[in-house]
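The values are calculated or read from the model by the stated rules, or taken from the named source; none is laboratory data. Since this is a predicted model, take the numbers as computed values, not measurements. So basically every Cβ, Gly included, is an ideal-geometry build from the backbone, and we count neighbours across all protein chains shown.
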Protein chains: 4
Amino acid sequence: MSGNSFGTAFRVTTWGESHGLAVGVVIDGCPAGLALSAADIQHELNRRKPGVSEVTTARKEADEVQLLSGIFEGETLGTPISMLVWNKDVNSSPYEPFQHIPRPGQADYTYQLKYGRRDHRGGGRASGRETLARVAAGAIAKKILTQHSIEILGHVVEIAGIRSREVSVAEIRDRAERTAVRCADPEAAELMEAVIKAAKEEGESVGGIVEVRALGVPPGLGEPVFDKLDAELAKALMSIGAVKGVELGAGFEAARLRASEMNDEFFVHAGKLVTRTNNAGGVLGGISTGAPLICRIAVKPTPSITKPQKSVDMTTMQDVEIKITGRHDPCICPRIVPVAEAMVALVLVDFLLRMSPAYSAARS
Amino acid sequence: MSGNSFGTAFRVTTWGESHGLAVGVVIDGCPAGLALSAADIQHELNRRKPGVSEVTTARKEADEVQLLSGIFEGETLGTPISMLVWNKDVNSSPYEPFQHIPRPGQADYTYQLKYGRRDHRGGGRASGRETLARVAAGAIAKKILTQHSIEILGHVVEIAGIRSREVSVAEIRDRAERTAVRCADPEAAELMEAVIKAAKEEGESVGGIVEVRALGVPPGLGEPVFDKLDAELAKALMSIGAVKGVELGAGFEAARLRASEMNDEFFVHAGKLVTRTNNAGGVLGGISTGAPLICRIAVKPTPSITKPQKSVDMTTMQDVEIKITGRHDPCICPRIVPVAEAMVALVLVDFLLRMSPAYSAARS
Amino acid sequence: MSGNSFGTAFRVTTWGESHGLAVGVVIDGCPAGLALSAADIQHELNRRKPGVSEVTTARKEADEVQLLSGIFEGETLGTPISMLVWNKDVNSSPYEPFQHIPRPGQADYTYQLKYGRRDHRGGGRASGRETLARVAAGAIAKKILTQHSIEILGHVVEIAGIRSREVSVAEIRDRAERTAVRCADPEAAELMEAVIKAAKEEGESVGGIVEVRALGVPPGLGEPVFDKLDAELAKALMSIGAVKGVELGAGFEAARLRASEMNDEFFVHAGKLVTRTNNAGGVLGGISTGAPLICRIAVKPTPSITKPQKSVDMTTMQDVEIKITGRHDPCICPRIVPVAEAMVALVLVDFLLRMSPAYSAARS
Amino acid sequence: MSGNSFGTAFRVTTWGESHGLAVGVVIDGCPAGLALSAADIQHELNRRKPGVSEVTTARKEADEVQLLSGIFEGETLGTPISMLVWNKDVNSSPYEPFQHIPRPGQADYTYQLKYGRRDHRGGGRASGRETLARVAAGAIAKKILTQHSIEILGHVVEIAGIRSREVSVAEIRDRAERTAVRCADPEAAELMEAVIKAAKEEGESVGGIVEVRALGVPPGLGEPVFDKLDAELAKALMSIGAVKGVELGAGFEAARLRASEMNDEFFVHAGKLVTRTNNAGGVLGGISTGAPLICRIAVKPTPSITKPQKSVDMTTMQDVEIKITGRHDPCICPRIVPVAEAMVALVLVDFLLRMSPAYSAARS
């Protein structure tokens, strides 16, 4: 049983290799009657696109989405939506030396072992290019969420140890997209940019932490005991290539708090039950509370660096030293922001659609 | 669509409320021909049982498992295995005051909103008692893993900020189970015990970090691009009640490393490809590498404390101050160890069984 | 990947062997707030119970259902509902001779091949006793359907070539349950009874055809292109042990009609679009039309007969002649009626719950 | 939850509307290392293609498949295989009159009710053109089955009441594809052709019965108690547009047999257990026996006929009389043969891949 689909009610299946003909996605379960155009999707794809600043890869890709099905007269039909982006101007030559030499920190080795073969060109199926399909699907998810007044906000909170100060929702909205590193704290952003450029010059790369918040999430999303909202978010975010950790609300810091500090106490405010703190990050018992959803991911430094590295030629089983050429992101955090947002959007739409009207009826 | 099942090939469905008649689990997909007795399961249930030391709740539960189906003449039939534990001697009176008052940090509030009702007794379905069913299923998963020479080792690495020193596999095997806190570093264990007891006396509770390692995991487990091994582990572990964060290998520390530090370089050793470091935590591209699997979870302080807390009476919508009585764990970390091990075991067995023979045939 | 679960939104998992400790079912996805008691389920179990007339097996089973979870103060919680029936007074001795000799027409041979072992007592997992769990789950499904004004009516339309005349809904409601064979045409019923008794005396058994109608089904149920309403019904009904064929509406007769005879033309009646015929059986393009759902199943003669039969002793690989003793149904059709109704009810509730409110919103 | 995917281990998702840009399919779970080219798929698509004889529609479609992913250097990668066929030279004008008038016997009415809109051009998503994607996926399934020495043979056994005589496997192999109606009995084929032509001239259409046999199926396929081999076949075949009934082995005839006639007795032949009859159709207890799999489907007459029919204009809610123009199949049976074969192939491959090696290990 393979695992190229995500979600149950809003089910997304991605396909495509980095240097194959195209990369695409099929969405099964998008409600009928949603106004949808290629422009809605292109906007998000452009946010993910490489080549837009010095801190990302210099590779140029048009990445123009083509909508193939599920839409009629500008509205969704309730049938599967198929989309693809053609892979243009791919240059596979920098990958030729590594056909039999697994690059450290990459999926080369494990794909070879699991499948007995792999498309080595551009990382094949394990390429970050697959996230393009996630972002395209996420763009539709976001459009549905907007109709439910749910907003997804991603930003970079740390790069190479440099932390953003605490920022407000307004600051994220206004500033994150304006900086090359997608950090809402301009001073930290400047330092982050500098450290990325320095790493790049040394043939190195750096990691960081990305935060995604979801505002306006209604209470009741999430299906305990296994398909909890936080559990599905953890899976969704950990399934992004470079992610090594996921946390919600207080996260790992919760391990050092006492219950009286951690528990978000309840109060009445304007006739409604509220909390003043949000250490839970918007989830209790796997179900959304109505408070903002807050999750963070640890992003490792991009493994493709020009610095020499040790590896093994698997045909001769000899130690070798490799130098990776080509143009790679010295820090993937800024480009992971729209991907992480897409994954959070997919989880939320899925849970929205998993609630049935019969269910709601019984509830009221 | 509800979410009380986990896994695809080794599919586990848990059921039961804390103070209902029983708590149980059905496993669909356990291979035929596995020697299995109640004792195999009881051993793991006893590790999770409360009342065994001063640092856990004083509640006494026999928690004797009853096997109802799927086994014949001491071997599994390949048909569903149904197991249950009867809930005996439950005392629901300490929960009566909270029928309409959600306890901070608990699922009371969100269950009420989602379902319009809840079984308030003992936390109902959201009770930690549900993990008993996970541990029972995990015991069978572990038995299968043992046949594949895979070992699961859980231990506490941090409580209330007190960290275990780096410990070897041998130390975890030998010592973790001997200390009341399941920490393999005896000196740290002593301090942890002291801090838990102090918190308890103050009517408080503390959190910590639990690590699970899996040794002997063959390469090739995990199904990219969504059902990655690390993604499923993240979901599995985050679905445990008190968990607020999950990380693999270097985890959040990876955000502060450079690629040359993070990447696990490949070498030839005794004719085989190996790595000397394991920052990846045993997973590359969502597929197991063959190196030990290493994951850690952040466990929040148990929300049930005797210290007064603010909440709201939802019938009158008035602020109230509550005091939770009854006997609760001042630190759940030691008892989460077998639960986290069970979840890791369930993920690994599921991926083992997701590989088909036809698939393997094509691979070779 | 095993297959002991049915449905996606109203997901039913059955477990248990015929002569094991118990047979049971877990339902995940039953909406919260449904009034439910053991009596609701017992009523349907009693309809399936053997020993109630001369035309069914003389075996006596109390078959008392026990509700273990998911219900609180008489209402469903939205959490899994676990139910079981204990297997009492089982007598496995008549099955001892067949431990290594597969009975013709039974699952003995295939279970042995697939799993390398089987519980031979009473047919083990392949026993008709497993349908008890389906009927229990179906009873809850029916209760939900009743709230949506959907009625399920099953009756026998043919036994051993004796056909019921065309009967009205009123006749099915009034008469089917009153005859021993569950046929709404009293004259045919009498003949059917006679032919069954004659077969029984000869050590034989006979088959027949059962029809299930669903009235009040709203238009829109069914999820093309694979999870069509008729496709899921076909699976649901074919999964019942003795069923060899399934048809909807005109069914196999459609193969002999011309389009002008087969097509149900549309008319306006009282301001609404209607059809005067229902050759479609209530489904077009895999989606319910709002007309009554009509499906029929071909039921083979019960394979367990006392007449001598040829088989093979698999330990010696010698031809043998066997005589099956014990008490078996000379015609299973009457007892299949509540099982078939249960399966239709499960399909309908599942599709009702698969429609999400967000989906509906977009539709309106 | 939508239903455009089929299978669990070999999971097929189809997409596309009849007059949209393209129709396609994504297969997730095809094992790595399968030699595969477009020609393998084109061969099966050509068998389904219209315009090849007088008894099918005169519409011409190139239907050239394009392989977009999952293949590298002529072999499958184990990653999703995406394929599409562009919709060329579509003429939507014959469908304009029916934008608000549902055609009898078609899915127009139910799609409109369910989704609140539909793509009326060429039947949109409900068009028989969707089966092209099934045939493409089935071509890959067949290639895998061939490696396991499993052969799928479809043929027409009845049209408009004219029955093929009993034919041997050799006759099906040799003759079915040579006749315009895909019937292996040349005399019946001639009569069938004549009756189809006559119906066409009258502006009518006729139905029939298609049989699919699978030879070489190993024992052990199928997952009781719900995902039985016959149950999944019933779903798979009933999900084809025009199918109103499905039967296995003796099928509906079983309802008229006695157990001593129906039961396939076991004998030893050449040291192996065999049966001389195959009334079971190759399945016992939902698991394949090793005998040929035999299933038949009832195919209704194509609903699109030129004869005047009654319908309703849904904008004015007035009765109207319609005449359907355009070129339609006067009998869809011959073209359904490759579609039914594809569905049987998909079911068999799925069950082959659902068996895990760990499972097999426990079995041996």
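Applying the criterion of being buried (at least 16 other Cβ atoms within 10 Å of the Cβ) and modelled with pLDDT under 95 to the residues of the range D:37-51, the residue that is farthest from residue D:203 (Cα to Cα) is D:47. Listed by first and then second residue, the pairs with beta-carbon distance under 6 Å, at least 6 apart or on different chains, first residue in the range C:295-307 and closer than 15 Å to residue C:159 by Cα and among the β-branched types (Val, Ile, Thr), second modelled with pLDDT of 95 or more and assigned to a loop (DSSP other than H, G, I, E, B), are C:299/C:207; C:299/C:242; C:302/C:205; C:302/C:332.
Among the residues of the range B:152-175, those that are of a type in the set (Val, Ile, Thr) and outside any helix (DSSP H, G or I) comprise B:152, B:156, B:157, B:159, B:162, B:167.
So, residue A:131, is that one surrounded by 20 or more Cβ atoms within 10 Å (Cβ to Cβ) and without any contact (Cβ under 8 Å) to a residue 12 or more places away in the chain or not? Steps first, please.
Working: surrounded by 20 or more Cβ atoms within 10 Å (Cβ to Cβ): yes; without any contact (Cβ under 8 Å) to a residue 12 or more places away in the chain: no.
In short, no.
When residue C:149 is tested against (1) in a loop (DSSP other than H, G, I, E, B); (2) farther than 26 Å from residue C:28 by Cα, just one condition goes unmet, and that condition is (2).
Taking the residues in the range A:198-219 that are acidic (Asp, Glu) and part of a loop (DSSP other than H, G, I, E, B) as candidates, determine which candidate is farthest from the other protein chains (Cβ to nearest Cβ). Step through it out loud before you land on a result.
Of the residues in the range A:198-219, the ones acidic (Asp, Glu) are A:201-202, A:204, A:211.
Restricting the remaining residues to those that are part of a loop (DSSP other than H, G, I, E, B) gives A:202, A:204.
Numbers: A:202: 8, A:204: 5 Å.
Looking at residues that are acidic (Asp, Glu) and part of a loop (DSSP other than H, G, I, E, B), I get A:202.
For the range A:60-74, which residues satisfy the criterion of being in a strand (DSSP E or B) and crowded, with 18+ Cβ neighbours inside 10 Å? Residues satisfying the conditions are A:65, A:67, A:71, A:72. Each residue in the range A:3-30 was checked for being part of a loop (DSSP other than H, G, I, E, B) and either of a type in the set (D, E, K, R) or at pLDDT below 95 (or both), and 1 of them qualify.
Residue check: residue C:78 meets all listed conditions (1) at pLDDT 95 or above; (2) closer than 19 Å to residue C:314 by Cα but one, namely (2). Number of residues in the range A:75-86 that are farther than 21 Å from residue D:67 by Cβ and not in a strand (DSSP E or B) equals 3.
Picking from residues in the range C:91-127 that are among the polar types (S, T, N, Q) and under 20 Å from residue B:29 (Cα atoms), the one that is farthest from the chain's Cα centre (by Cα) is C:112. Restricting the range A:229-277 to residues that are more than 7 Å from chain B (Cβ to nearest Cβ), under 29 Å from residue A:341 (Cβ atoms) and assigned to a strand (DSSP E or B) leaves a set whose member that is nearest to the chain's Cα centre (by Cα) is A:243. Tell me which of these residue A:327 doesn't satisfy, since it passes every other one: (1) of a type outside the set (Val, Ile, Thr); (2) farther than 25 Å from residue B:308 by Cα; (3) within 7 Å of chain B (Cβ to nearest Cβ). Single failed check for residue A:327: (3). Of the residues in the range D:262-283, at least one is touching a helix residue (DSSP H, G or I) at 6+ places or on another chain (Cβ under 8 Å) and farther than 30 Å from residue D:176 by Cα.
Residues D:237, D:248: which one is in contact with a helix residue (DSSP H, G or I) (Cβ under 9 Å, 6 or more places away or on another chain), crowded, with 23+ Cβ neighbours inside 10 Å and more than 30 Å from residue C:195 (Cβ to Cβ)?
Only one candidate passes the filter, namely D:237.
Just to be sure, is residue A:184 surrounded by 18 or more Cβ atoms within 10 Å (Cβ to Cβ), among the aliphatic types (A, V, I, L, M) and assigned to a loop (DSSP other than H, G, I, E, B)? So residue A:184 fits the description; yes. Scanning the range D:107-117 for residues that are more than 7 Å from every other protein chain (Cβ to nearest Cβ) and crowded, with 22+ Cβ neighbours inside 10 Å turns up just one, D:108. One residue stands out in the range D:201-228 among those that are more than 23 Å from the chain's Cα centre (by Cα) and over 22 Å from residue D:341 (Cα atoms): the one that is surrounded by the most Cβ atoms within 10 Å (Cβ to Cβ), namely D:225.
Provide a single number: the residues in the range D:140-156 that are closer than 27 Å to residue C:255 by Cα and either of a type in the set (Lys, Arg) or surrounded by 23 or more Cβ atoms within 10 Å (Cβ to Cβ) (or both). Break it down into steps so the answer makes sense when it comes.
Of the residues in the range D:140-156, the ones closer than 27 Å to residue C:255 by Cα are D:151-156.
Those still in the list that are either of a type in the set (Lys, Arg) or surrounded by 23 or more Cβ atoms within 10 Å (Cβ to Cβ) (or both) too: D:152, D:154-156.
Result for the range D:140-156: 4.
For residue A:172, indicate whether it is within 26 Å of residue A:45 (Cβ to Cβ) and either modelled with pLDDT of 95 or more or β-branched (Val, Ile, Thr) (or both). Against the criterion (within 26 Å of residue A:45 (Cβ to Cβ) and either modelled with pLDDT of 95 or more or β-branched (Val, Ile, Thr) (or both)), residue A:172 qualifies. Each residue in the range C:289-313 was checked for being surrounded by fewer than 24 Cβ atoms within 10 Å (Cβ to Cβ) and more than 7 Å from every other protein chain (Cβ to nearest Cβ), and 7 pass.
Residues of the range C:4-23 that are more than 16 Å from the chain's Cα centre (by Cα) and either more than 10 Å from chain D (Cβ to nearest Cβ) or crowded, with 23+ Cβ neighbours inside 10 Å (or both): C:9, C:10, C:11, C:15, C:16, C:17, C:18, C:19, C:20, C:21, C:22, C:23. Note on the range A:148-193: residues that are polar (S, T, N, Q) and in contact (Cβ under 8 Å) with a residue 60 or more places away in the chain total 1.
Please go through the range B:87-132 and give me each residue that is of a type in the set (Lys, Arg), in contact with a Leu (Cβ under 8 Å, 6 or more places away or on another chain) and part of a helix (DSSP H, G or I), ordered by number.
B:125
If the condition is being buried (at least 18 other Cβ atoms within 10 Å of the Cβ) and touching a Lys or Arg at 6+ places or on another chain (Cβ under 8 Å), then the range C:91-106 contributes C:95, C:104, C:105. Applying the selection to the range A:300-313, what residues are among the hydroxyl-bearing types (Ser, Thr, Tyr) and part of a loop (DSSP other than H, G, I, E, B)? Within the range A:300-313, A:302, A:304, A:306 qualify. Of all residues in the range C:314-342, those satisfying the criterion of being part of a strand (DSSP E or B) and either crowded, with 21+ Cβ neighbours inside 10 Å or touching a Phe, Trp or Tyr at 6+ places or on another chain (Cβ under 8 Å) (or both) are C:319, C:322. Just one residue in the set B:325, B:306, B:302 is closer than 28 Å to residue B:201 by Cβ and touching a Lys or Arg at 6+ places or on another chain (Cβ under 9 Å); that residue is B:306.
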